[in-house]
Amino acid sequence: MYSVQDFFDEHEKNLELEILTGKAGLKRAIRVPEVQRPGLSLTGYLRHFASKRILIFGKVEIFFLRDLDVKTRIERLKGILTKETPAVMVSRSYRPPKELVSICEEEGIPLLRSSMTTMDLVIKMTFLLSEEFAPSTTCHGTLVEAFGVGMMIQGDSSVGKSEAALGLIERGHRLISDDIVRVKVREGSYLEGSGPELTRHLMEIRGIGIINVAHLYGAVCVRDVKSLDLVVKLEAWDDRHFYDRVGLDEKFCDILGINVPFHILPLKPGRDVVLLLETIALNHRLKEMGYHSAKEFNVKLLDTIAKRQSQGRSLREASKKDKN
Amino acid sequence: MKLVKKIKIRNELGLHARPAALIVKILQPTKSMVNFTYRNETINARSIMSVLMLAAQRNTLITVTVEGDDAEYTLSLLEKAFENKFGEDCCER
């Protein structure tokens, strides 16, 4: 449950917030990632009123309330301030009408004030709330950034995920999180991974124990969040399995409803995992730029075959003519 | 086979580094998939960093999910470890 208190603690500075009254209601849950300027609802029109949204009182609302007589003011405010209202906010540091303060206090609805302009507050709040409510999951894997590509290394325990990541770090790439990756959908279209705060920058290497990568290699080799661009699964080499030899078919895996390019990387002694991971990352960048090595080669190959065929045909036709 | 059980953490300090290492050690020879769920977070119990990340304290419940052929045996090993307070707190009482 995401409470008003959580929201306040997280964004107090960012949104320049202060609590005016209704501290008792800070436990109230924010259930929808939406805010609402009451506007029309203050005229008494309450059909389809979204009562679960955080209410934001801007210039228009404050001045409209001032124009009303006290009785109507109370009546209209009581109409929109319900048990479900998570919180009320006043923008531009306006002084809220006395009635608003007293109702919020009585009902235990947190009344917050921000010095931001109404529009900025609405935009920022919508953005922050949708971030908070974005679908998220925890994945078992190690997230690294190589050549700017966010790569999640997965595989069974002790297959060598951490060692591979350590190798990448040693070559100047960055660690985001080892073993556990919190993945979140951003803007509904791409994924972003981060590590839990407690184990940030830490890695566990068999035989050594827990190491702090930021201390060992410096701040340059760590990063807190990174988009998740591809997933590589490390697995022990299996002779019965047929591994991708051409790379024409692109595989994807589904994380939170978003397709992420997916590679299976078989391991066996002599295969340099770090180099292979770097190559996958680089190849991914190349594909993003529009160059697909395997496809391009295939086009060239098809061209050559077609040319040979037509040459062969014309040769045969020529020889037929000669015979005739 | 899939088994789900809530196990209470009994040792004074909660799931700190040593108990986490012990859990991972106990699980090493077993085959089943073992997940811990704590505060809406589900993690792979074979990964020490994940177990540490939970930072689970004393007298809280961890939902243990074991799935696989040796689920019953794996769960009994885990239960025993939790019950014995991971060999800690021997001077208590």
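The values are calculated or read from the model by the stated rules, or taken from the named source; none is laboratory data. None of these values were measured; they are calculated from a predicted model. Neighbour counts are summed over all protein chains in view; Cβ atoms, including those assigned to glycine, are modelled from backbone coordinates with ideal geometry. Ligands, DNA and RNA are stripped out before the accessible areas are found, and what is left, the full protein with its side chains, is counted by its heavy atoms. Shrake-Rupley method; radii C 1.70, N 1.55, O 1.52, S 1.80 Å.
Here are the numbers for this structure:
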{"quantity": "Unmet requirement for residue A:158, which otherwise passes all of (1) on the phi > 0 side of the Ramachandran plot; (2) modelled with pLDDT of 90 or more", "calculated": "(2)"}
{"quantity": "Residue check, residue A:216 part of a helix (DSSP H, G or I) and either touching a Pro at 6+ places or on another chain (Cβ under 9 Å) or without any contact (Cβ under 8 Å) to a residue 24 or more places away in the chain (or both)", "calculated": "yes"}
{"quantity": "Criterion: assigned to a helix (DSSP H, G or I), surrounded by fewer than 16 Cβ atoms within 10 Å (Cβ to Cβ) and more than 14 Å from chain B (Cβ to nearest Cβ) - qualifying residue of A:127, A:64", "calculated": "A:127"}
{"quantity": "Some residue of the range A:303-324 being more than 33 Å from the chain's Cα centre (by Cα), polar (S, T, N, Q) and not in a helix (DSSP H, G or I)", "calculated": "yes"}
{"quantity": "Residue match in the range B:67-87 (condition: open to solvent by less than 80 Å² (accessible area, probe 1.4 Å) and free of Cβ contacts under 8 Å to residues at least 24 places away in the same chain)", "calculated": "yes"}
{"quantity": "Filtered residue count, the range A:134-181, keeping only those that are over 16 Å from residue B:47 (Cβ atoms), among the aliphatic types (A, V, I, L, M) and not in a strand (DSSP E or B)", "calculated": "3"}
{"quantity": "Filter pass, residue A:284 being in contact with a strand residue (DSSP E or B) (Cβ under 8 Å, 6 or more places away or on another chain), more than 14 Å from chain B (Cβ to nearest Cβ) and assigned to a loop (DSSP other than H, G, I, E, B)", "calculated": "no"}
{"quantity": "Any strands (runs of 3 or more DSSP E) falling wholly within the range B:30-93 and containing at least 1 residues that are within 23 Å of residue A:137 (Cα to Cα) and within 13 Å of another protein chain (Cβ to nearest Cβ)", "calculated": "B:33-38, B:41-44"}
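Per-residue answers, yes or no, for (1) under 22 Å from the mean Cα position of the chain (by Cα); (2) of a type in the set (A, V, I, L, M):
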site	(1), (2)
A:1	yes, yes
A:13	no, no
A:31	yes, no
A:38	no, no
A:46	no, yes
A:50	no, yes
A:55	no, yes
A:64	no, no
